[in-house]
Amino acid sequence: MNSTMFNIKGVFLIYFEILLILRAVGPYLLLPHIVDTVFFWSAGFVGLLIIFIDFIITIKDKKIKKYDIYLILFVLVMFISSIVNIKYGIFGNIKLLMWQVIFFFLVFQFAKDYGYNRWFKITEKVLVLSWFVIILISLSMFITKYGLKIPIQYKYYPVRIGWLGNRLFGIFTDPNFGAVTSIIVIFIGVKDLIKNNSSKMFKIFTYFNILLQFLFVVLSGSRTAEITLLTLVFLFIFFVASQSKKVIDSDKFKRYLFSFCLSVIASVICLGAIFITEKAVVYLPAAYSNVKKETPKKAEKEIKGKEETSLVRPDTESGDVSNRRFQLWSSTIEIAKKSPLVGGSPAYYIQFAHDKVPYTLMGQDNLTAHNLIFLVLAGTGGLGVFVFFVFLVKSIVKAMIYCFNSSTILKKDSIFYSIIFSAGICLSSLFITELVLVSTIGTFIFWLSIGLIYNKKAEI
């Protein structure tokens with residue numbers, strides 16, 4: 001291991017992670033746009049320089065096969081699509097190509113080359129501590145029912161802060177992304193508690209943090225996060241239970257039947273916990289107000305006004321269960337019909353839609369695809385879908401083989417938790433834009449986690 005390059009890459013990962021966390025926070029967007037440009041372009045150039053140096057070293061050491069051919073091909077398809085659709089824009093595609101190269105050949109490659117190491121642990125600690133502070137601030141906004149909207153020139157949506165539309169945005173730019181990441185933080189806490197290597201004070205903090213993260217998942221009103229949480233609980237219990245001493249000596253059918261039943265029970269309990277929490281938390285703002293009241297009569301009046309706090313989102317009462325996602329997905333299919341091989345440009349497929357398919361929702365608005373499959377289809381066409389999903393299917397197969405055949409104790413295994421993390425982000429990408437053609441903290445978690453699956457220690 002080249003220790004110098006290892007540490008340089010590690011430091012960059014922490015810096016990059018912190019920038020992505022900042023980008024997930026609404027107030028950061030209120031800074032002058034030049035601040036974000038300077039931070040991210042400097043990070044981008046440094047990241048590309050590290051990748052270039054590592055590439056030279058790789059050629060010198062004759063280890064060029066370490067790079068995944070499907071990720072290389074996907075970047076190539078992005079480049080071709082950018083050239084074919086160059087009339088719709090250049091700058092955004094250059095930026096997207098830069099981020100995609102960094103996610104593929106620095107973030108993913110770091111975990112693949114070095115495995116679970118001290119820098120990996122630091123990224124987890126940075127995420128946990130950052131999310132603890134962000135969620136603490138956000139929950140205080142729910143209790144005080146504080147909320148405001150601030151329009152900004154270069155964004156489709158205004159910056160929404162606090163409690164708005166019967167859901168908790170907190171200080172996140174989007175509560176869906178924030179809530180999904182909270183689920184990852186919950187499972188990092190579970191891992192720390194099960195490994196039992198921490199002090200008593202840290203364990204107390206972890207339990208408290210898990211509670212806060214769960215509260216935010218509920219208050220965020222994110223159906224994506226709830227589906228993700230229930231699925232990860234099912235997967236976690238299924239594989240951990242399959243290694244239980246009670247069934248480890250049973251035949252495979254009995255073992256997996258037992259695991260399946262236990263997973264279903266755990267998921268139902270989790271769903272029940274969500275339901276009970278939804279019913280209970282509506283009292284918190286009134287309870288906080290009561291503390292501030294001076295007379296018992298005012299306090300009684302405030303308790304009766306409990307109904308004013310509702311978790312029913314007005315934007316989901318229109319009868320459209322997808323919240324216009326079906327229309328957006330239909331729009332991307334129309335884009336693919338116009339440009340089946342390379343799509344409508346990675347960064348400018350919406351502009352492509354305005355030009356070529358103005359009769360669709362995306363052709364009349366500026367909404368993104370809100371789904372990984374349709375995002376890749378719109379941005380890179382059939383070639384991009386084929387190349388990327390071959391890689392994704394290959395990764396899923398590797399993960400399943402590891403989980404079913406690993407001789408390690410999964411509930412204490414870092415690779416298993418990375419599979420859980422990547423599965424969570426991947427599942428959420430069916431409803432929000434994640435994994436590729438974006439630069440988010442969720443995408444960072446996914447590529448770092450899935451890289452660990454490709455490390456030699458994960459081979460069965």
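Summary table
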read-out: Surface share of carbon and sulfur [accessible, 1.4 angstrom probe, percent] for the stretch 379-460; value: 69 percent
read-out: Stretch gain in nm, segment residue 327-residue 14, where the contour uses 0.36 nm per residue and the Cα spacing is subtracted; value: 108.9 nm
read-out: Label-point separation, residue 49 to residue 62 (7 Å along Cα→Cβ), nm; value: 3.1 nm
read-out: Selection from 277, 400, 424 lying farthest towards where the dipole of the chain points positive, charges on Cβ; value: 400
read-out: Extension reserve of the residue 35-residue 355 stretch, reckoned as 0.36 nm per residue once the Cα distance is removed; value: 112.0 nm
read-out: Förster radius 22 Å - calculated FRET efficiency between residue 207 and residue 129, Cβ distance, rounded to 0.05; value: 0.90
read-out: Pairs of alpha carbons in the chain whose separation is greater than 37 Å (percent); value: 29 percent
read-out: Estimated inter-spin distance, residue 42 and residue 279, nm [label 7 Å along Cα→Cβ]; value: 5.3 nm
read-out: In Å, descending, principal axis extents of the Cα set of the stretch 10-133; value: 44, 44, 20
read-out: Cβ crowding within 10 Å averaged over residues, with 73-80, 397-404 ranked highest first; value: 73-80, 397-404
read-out: Within the chain, longest stretch free of exposed GluC sites (Glu not before Pro) [DSSP loop, at most 16 other beta carbons within 10 Å]; value: 1-293
read-out: Sequence-distant residues sharing a close amide H with residue 147 (under 5 Å, placed H); value: 163
read-out: Cross-link table 63/394; 191/246; 60/195; 63/195, entries beyond 29 Å C-alpha to C-alpha; value: 60/195; 63/195
read-out: Spin-label model distance (nm) - residue 365 vs residue 337, 7 Å beyond Cα toward Cβ; value: 2.0 nm
read-out: Only Lys, Arg (+1) and Asp, Glu (-1) charged, at Cβ; the stretch 154-266 dipole about Cα centre in debye; value: 180 debye
read-out: Percent of C-alpha pairs per 5 Å bin, the stretch 7-52, short to long; value: 5, 21, 29, 22, 13, 8, 2
read-out: The chain: DSSP helices with Cα axial extent of at least 24 Å and average Kyte-Doolittle hydropathy no lower than -0.5; value: 3-23, 33-60, 118-144, 175-195, 200-219, 223-241, 252-281, 372-405
read-out: Nonlocal amide H pairs with residue 168, under 5 Å, H built at 1.01 Å; value: 220, 221
read-out: Selection from 59, 47, 35, by position along the positive dipole direction of the stretch 1-70 (Cβ); value: 59
read-out: Placed amide H near residue 25: partners under 5 Å, 5+ positions off or other chain; value: 173
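The values are calculated or read from the model by the stated rules, or taken from the named source; none is laboratory data. Treat the numbers as computed from the prediction; the structure is a model and nothing was measured. We place every Cβ from the backbone using ideal geometry, glycine too, and count neighbours over all the protein chains shown. SASA here: full protein model, heavy atoms, side chains in, ligands and nucleic acids out. Shrake-Rupley method; radii C 1.70, N 1.55, O 1.52, S 1.80 Å.
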